[in-house]
1. Can you give me the long-range amide H partners of Asn59? Hydrogens built in the peptide plane at 1.01 Å from N, cutoff under 5 Å, separation of 5 or more residues or another chain.
2. Under the rule of -39500 (n - 2.57) per DSSP H run of 4 or more residues, summed and divided by the residues of the chain, what mean residue ellipticity at 222 nm is obtained, to the nearest 500 deg cm²/dmol?
3. Under the definition of Cα pairs under 8 Å and six or more residues apart, what whole-number percent is the relative contact order of the chain?
4. Please report, in debye to the nearest 20, how large the charge dipole of the chain is about its Cα centre when each Lys and Arg carries +1 at its beta carbon and each Asp and Glu carries -1 there.
5. Anyone know which of Ser58, Ser94, Ser82 comes out most mobile in the 10 Å Cα GNM of the chain?
6. Rounded to whole Å and ordered largest first, report the semi-axes of the equivalent ellipsoid of the chain derived from its Cα gyration tensor (root of 5λ).
7. Residue by residue through the stretch 44-59, what is 3J(HN,Hα) from phi via Karplus (6.51 cos²θ - 1.76 cosθ + 1.60, θ = phi - 60°)? Round to whole Hz and write x for glycine and proline.
8. Straight-line reach only, C-alpha to C-alpha below 27 angstrom: list the lysines that Lys33 could link to, leaving out same-chain residues fewer than 8 apart.
Amino acid sequence: MKEVDVILALLPQANGTMKRRPAIVLREMPPFKDFLICGVISQLYHEVENFDELIAPSNADFVSSGLKTESLIRLGFLTVLSRKDIIGSIGSVSAERHRRLLEKLSRYLTD
């Protein structure tokens with residue numbers, strides 16, 4: 001597993017249940033090498049403008065992402081997972097998209 005990977009994992013939902021869904025690996029976290037991830041959903045109406053990011057078939061990295069449909073990368077849907085909690089990798093996003101996601105999150109956290 002590496003930063004930029006699109007993974008499948010059981011992620012906590014707002015109602016307390018766990019659901020298998022895709023996520024983007026944002027950073028490997030010290031000291032145990034867990035991963036900071038953000039969830040990916042297909043419900044586009046949840047988009048937070050100027051924060052979340054759409055990934056669509058028209059994007060250069062859509063095919064490599066392994067996603068099946070236009071989706072929303074939710075920067076507000078963050079969690080930290082250990083390697084054992086990750087089902088596997090289904091693809092990756094571009095280094096440019098990954099950098100952009102980190103910059104958006106960083107700007108939000110420091111403003």
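What follows is calculated from the coordinates using simple rules that are stated; it is not laboratory data. A quick note: this is a predicted structure, and the numbers were derived from the prediction, not measured. As a convention, Cβ positions derive from the backbone with ideal geometry for all residues, glycine included, and neighbour counts pool all protein chains shown.
1. Here the answer is none, since no amide H 5 or more places off falls under 5 Å of that of Asn59.
2. Theoretical 222 nm ellipticity from helices: -5500 deg cm²/dmol.
3. 32
4. Computed about the Cα centre, the dipole is about 380 debye.
5. Ser58
6. 19, 16, 15
7. For the stretch 44-59, the Karplus-derived couplings read 5, 5, 7, 4, 9, 4, 6, 9, 6, 9, 7, 10, 10, x, 6, 7 Hz, x marking Gly and Pro.
8. Within the straight-line cut-off, Lys33 pairs with Lys2, Lys19, Lys84, Lys104.
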